[in-house]
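Contents: one structure, followed by commentary.
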Amino acid sequence: MEIRLRMAWVRTQGCGRRSHSGVNLAAFGHAAATFKGIMYKPAILSLAFLWLVSPTPSIAGAEADIDQLEEAFNAAYAANQLDKYFGYYTDDAVFWFPEGRTDLPSYRKEWGEFLKAGGSIKAGTVSDLHVKFSPLDDTAIASYVLRLTTREANKKVHTEDYQETDVWFKTDNGWKITHVHYSAAPKPKKQKKG
């Protein structure tokens with residue numbers, strides 16, 4: 001559009017005083033040739049600005065999807081529903097835990113043994129959720145703080161905060177988690193009494 005408007009203005013400056021549409025602008029003078037550019041430029045710039053700052057419907061919809069998936073995924077974890085919980089992962093998912101890197105079969109086995117020994121998650125809540133998308137909208141990175149109340153096999157119960165990042169890929173079967181990074185959140189610093 002800008003090129004066309006400039007071409008119309010350039011053509012009016014040369015011989016014949018014609019616009020790109022072939023209309024003789026000599027009778028209207030220079031003001032008519034630039035009038036279109038003056039009128040359209042603010043409107044075009046305004047629309048371009050709104051387009052750039054508005055979330056696209058696909059991203060807005062995908063962000064709501066990831067928010068809901070994170071809620072359901074963490075609810076299944078907090079309820080110790082293994083089949084549902086592990087159903088959110090791809091078969092080749094990678095996990096970084098405080099103990100090191102592991103894969104899905106190893107993690108599933110370890111978690112099953114934890115539950116069989118009498119351990120369980122008593123409660124889990126997500127806070128400070130942030131979601132970012134790849135330029136192609138096929139990858140989402142969700143990071144948050146997960147507060148967990150855990151009962152160990154020895155019946156000891158404790159509540160701790162963890163920082164978690166989940167990488168979701170859009171697959172033929174919907175969004176699936178392909179990578180998790182999970183670590184203890186730093187303890188809040190105690191304020192010194194003055």
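Close amide-amide hydrogen proximity is noted between residue 79 and no other residue 5 or more places distant or on a separate chain, at a cut-off under 5 Å (H modeled in the peptide plane; Pro and chain starts excluded). Averaging the Cα positions of each part gives two centres, and for the stretch 128-194 and the stretch 79-93 these lie 15 Å apart.
Once backbone amide H atoms are built at 1.01 Å from N, residue 119 has 153 as its partners under 5 Å, excluding neighbours fewer than 5 places away on the same chain. Charge dipole of the stretch 57-184 (Cα centre as origin; +1 on each Lys and Arg Cβ, -1 on each Asp and Glu Cβ, all else neutral): 620 debye, rounded to the nearest 20. Residues in the stretch 155-160 carry Karplus couplings, in order, of 6, 6, 10, 9, 10, 9 Hz; the curve used is 6.51 cos²θ - 1.76 cosθ + 1.60 with θ = phi - 60°, and Gly or Pro positions show x.
Placing a label point 7 Å from the Cα of residue 163 along the Cα-to-Cβ line, the residues of the stretch 119-136 whose backbone N sits under 20 Å from it are 125-133.
Values in this text are rule-based calculations from the coordinates and carry no lab data. The shown structure was predicted, so the numbers you read here are calculated from the model rather than taken from an experiment. All Cβ positions, even for glycine, are placed from backbone atoms using ideal geometry, and neighbour counts span all protein chains on display.
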